[in-house]
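S.K.: This is the structure I have questions about; it appears just below.
Bear in mind that the values in this text are calculations on the coordinates, not laboratory data. Model, not experiment: these values are computed from the prediction. For neighbour counting, all protein chains shown are included, and Cβ atoms are generated from backbone atoms with ideal geometry for every residue, glycine included.
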Amino acid sequence: MADEKKYTTVSIPKPLYDKIKKRIEGTGFTSVSDYVTYVLREVLASLEEEEKEEVFTEEEEEKVKERLRALGYLD
Amino acid sequence: MVSKPHGGKLVRRLVAERTRERILSEQKEYPSVKIDHGRAIDLENIAHGVYSPLKGFLTSDDFQSVLDHMRLSDDTPWTIPIVIDIVEKTFDEGDAVLLYYEDIPIARMHVEEIYTYDKREFAQKVFKTTDPNHPGVAKVYSLGKYLVGGEIELLNEVPNPFAKYTLRPVETRVLFKERGWRTIVAFQTRNAPHVGHEYVQKAALTFVDGLFINPVLGKKKKGDYKDEVIIKAYETLFEHYYPKNAATLATVRYEMRYAGPREAIHHAIMRKNFGATHFIVGRDHAGVGDYYGPYEAWDMFENFPDLGITPMFIREAFYCRKCGGMVNAKICPHPKEFHVRISGTKLRKMIMAGEQPPEYMMRPEVYEVIRSFEKPFVE
Ligand SMILES: [Zn+2]
């Protein structure tokens, strides 16, 4: 029952579906859905990676550096 | 650049000093919950973002999703349930409670949900066994009837004899940046280093800017190296055998679950939060006994194309008499009779017997440091 709301249906063209089905033969993927999920996660992750990383405020960063110097991690 | 925190943003669950003082002055008004050392350091890890994106202990939706799919309910990869248990309900959903380790109020928790769960299912899915001889399974069986989910705020740190060596993700991130490292490989360990470890680390370091040695301090088994021995041994190894400014050492407190492949993913996620871009996955990573295959953890990474940290699968190193050096099964063509496997257990036995291991097994400086401790092992 829990799984019901955890999955949804998306449409992909039938020829693409057939191509994927053929492609996953003999791989670890047991269904087209699994493979499509895998690929989409991979694509999304690589897109997210390109986004700018989070930055600390200068003040915060200076405080951290002070502690790192005190501990001998930075000169 | 260093890795983005897992889930996108580094979690910090600390309260402003004034709020903290107010909560502490009103502590009698809150229901109190006693927690063990392992849960207390889980709390710290949540609060300092080591477990980003978790802001607290799992609610039932996330818990079930982690068991079934190795992901939080929002699809973020997450393999180990971070939960807190109670024996009976002495407070309600919606309450705020204080969590105590010994007599220290460590955190305030906003109770979102109190729920029951199936211990055998928990054990089977996370540890792949229901055998109570497995230490992780035994721990699950010892838990109370209910789990409590909800966000937390840290009030006090858990006493830490190694505070000087315990860096938080905000600190390692700044450190890596200051050192100019863009790619960092993390190494997880619970051991004093032998030459096999050194080989694996340096093989990985060849491909990145920096090496982050991150020993896990926490509950130990009898016969394990004591925490201070591990730290001192690495300091010595760094001093004599590692290029300056290419390696750093900081510890993390964490209670091992021994969940093998699932825990390997969890270890990688923690290091991603510290800023590492790569993670060394060892032979029988986070395993215990014969519950997992020696390279099962490697396969597990195939399930997570979106993990956001790159695993480095480096084979166990051994000494080959024919090659005349440290090699691994992939690069040495010689038959087994030339190979000398460097076994941690064997090394410990030699050290206990006061026998110096050969230099191809352990650096003499490291041996000297270990020997300088009267009792280097947990008794
Ligand atoms: Zn050889």
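S.K.: Set Lys and Arg Cβ to +1 and Asp and Glu Cβ to -1, take the dipole of chain B about its Cα centre, and tell me which of B:Met109, B:Phe318, B:Met256 lies farthest positive.
M.R.: B:Phe318
S.K.: Straight distance only, please: which aspartates and glutamates reach the Cα of B:Lys220 with their own Cα at less than 20 Å, same-chain residues fewer than 8 apart left out?
M.R.: Straight-line reach from B:Lys220, under 20 Å: B:Asp36, B:Asp42, B:Glu44, B:Glu102, B:Glu228, B:Glu255, B:Glu263, B:Asp284, B:Asp290, B:Glu374, B:Glu379.
S.K.: Give the distance, in whole Å, between the Cα centre of the stretch B:277-333 and the Cα centre of the stretch A:6-75.
M.R.: A separation of 23 Å, based on Cα centres.
S.K.: At 37 °C and a viscosity of 0.692 mPa s, what translational diffusion coefficient does Stokes-Einstein give for the stretch B:17-154, taking Rh as the Kirkwood radius over Cα pairs? Give it in µm²/s as a whole number.
M.R.: 212 µm²/s
S.K.: Further, regarding this structure: Of B:Leu67, B:Val288, B:Gly150, which is farthest along the charge dipole of the protein assembly as shown in the positive direction, counting Lys and Arg as +1 and Asp and Glu as -1 at C-beta?
M.R.: B:Val288
S.K.: Any idea how far apart B:Glu121 and B:Ala163 come out in nm if each label point goes 7 Å out from Cα toward Cβ?
M.R.: If labels sit at B:Glu121 and B:Ala163, their model points lie 4.3 nm apart.
S.K.: Using alpha carbons only, how many angstrom separate the centre of the stretch B:73-147 from the centre of the stretch B:169-221?
M.R.: 30 Å
S.K.: Considering chain B as a Gaussian network with a 10 Å cut-off on Cα pairs, which listed residue, B:Arg22, B:Arg257, B:Arg271, attains the greatest mean-square fluctuation?
M.R.: Result: B:Arg22 has the largest fluctuation of those listed.
S.K.: State which helices in chain A qualify, where a helix is a whole DSSP H run, it must extend 15 Å or more along its own axis by its Cα atoms, and its mean Kyte-Doolittle hydropathy must be at least -1.0.
M.R.: A:32-50
S.K.: Relative to the compact globular guide of 2.2 N^0.38 Å, what is the alpha carbon radius of gyration of the stretch A:14-70, as a ratio?
M.R.: Compactness ratio reported: 2.13.
S.K.: For the stretch B:104-233, treating each Cα as an identical point scatterer without solvent, what Debye log10 I(q)/I(0) comes out at q = 0.12 1/Å?
M.R.: Cα-only, vacuum Debye calculation for the stretch B:104-233: -0.79.
S.K.: Okay, next question. How much length is gained on full extension from B:Thr90 to B:Lys346, taking 0.36 nm per residue of separation minus their Cα-Cα distance?
M.R.: So the extension gain works out to 87.2 nm.
S.K.: Given only helices, namely DSSP H runs of n ≥ 4 each adding -39500 (n - 2.57), what is the per-residue ellipticity at 222 nm of chain B, to the nearest 500 deg cm²/dmol?
M.R.: Roughly -9500 deg cm²/dmol at 222 nm, from the helical runs in chain B.
S.K.: Let me ask something else about it. Compute the helix-to-body angle for B:195-205: its Cα long axis versus the longest principal axis of chain B, expressed 0 to 90° and rounded to tens.
M.R.: 70 degrees
S.K.: Still on this structure, please answer the following. Which one of B:Pro81, B:Val208, B:Pro333 is farthest out on the positive end of the charge dipole of chain B, using unit charges on Cβ (Lys, Arg +1; Asp, Glu -1) and the Cα centre as origin?
M.R.: B:Pro333
S.K.: In debye to the nearest 20, how big a dipole does the protein assembly as shown give about its Cα centre with +1 on each Lys and Arg Cβ and -1 on each Asp and Glu Cβ?
M.R.: 1580 debye
S.K.: Right, another one. Report the extension gain between B:Glu337 and B:Glu239 in nm, rounded to one decimal, defined as 0.36 nm multiplied by the number of residues separating them, less their alpha carbon distance.
M.R.: 31.9 nm
S.K.: Moving on to the next point. Let's test the formula: R0 of 45 Å, r as the Cβ-Cβ distance of B:Phe207 and B:Leu14. What FRET efficiency results, to the nearest 0.05?
M.R.: Efficiency, from the Cβ-Cβ distance: 0.80.
S.K.: Also: Among the lysines, which have Cα under 27 Å from the Cα of B:Lys226 when same-chain residues fewer than 8 positions away are ignored?
M.R.: Filter leaves B:Lys34, B:Lys139, B:Lys164, B:Lys202, B:Lys244, B:Lys272, B:Lys346, B:Lys349, B:Lys375.
S.K.: Report the gain in length on full extension from B:Glu355 to B:Tyr141: 0.36 nm times residue separation, minus Cα-Cα distance, nm rounded to one decimal.
M.R.: 72.9 nm
S.K.: Suppose every Lys and Arg Cβ carries +1 and every Asp and Glu Cβ carries -1, with no other charges. What dipole size does the stretch B:9-137 come out with about its Cα centre, to the nearest 20 debye?
M.R.: Computed charge dipole of the stretch B:9-137: roughly 400 debye.
S.K.: With a point put 7 Å past each Cα toward its Cβ, work out how far A:Asp34 is from A:Ser11 in nm, to one decimal.
M.R.: According to this spin-label approximation, the distance is 2.7 nm.
S.K.: Cut-off under 25 Å on the C-alpha distance; same-chain residues fewer than 8 positions from A:Lys14 excluded. Which lysines are left, in chain and number order?
M.R.: Straight-distance partners of A:Lys14: A:Lys5, A:Lys6, A:Lys22.
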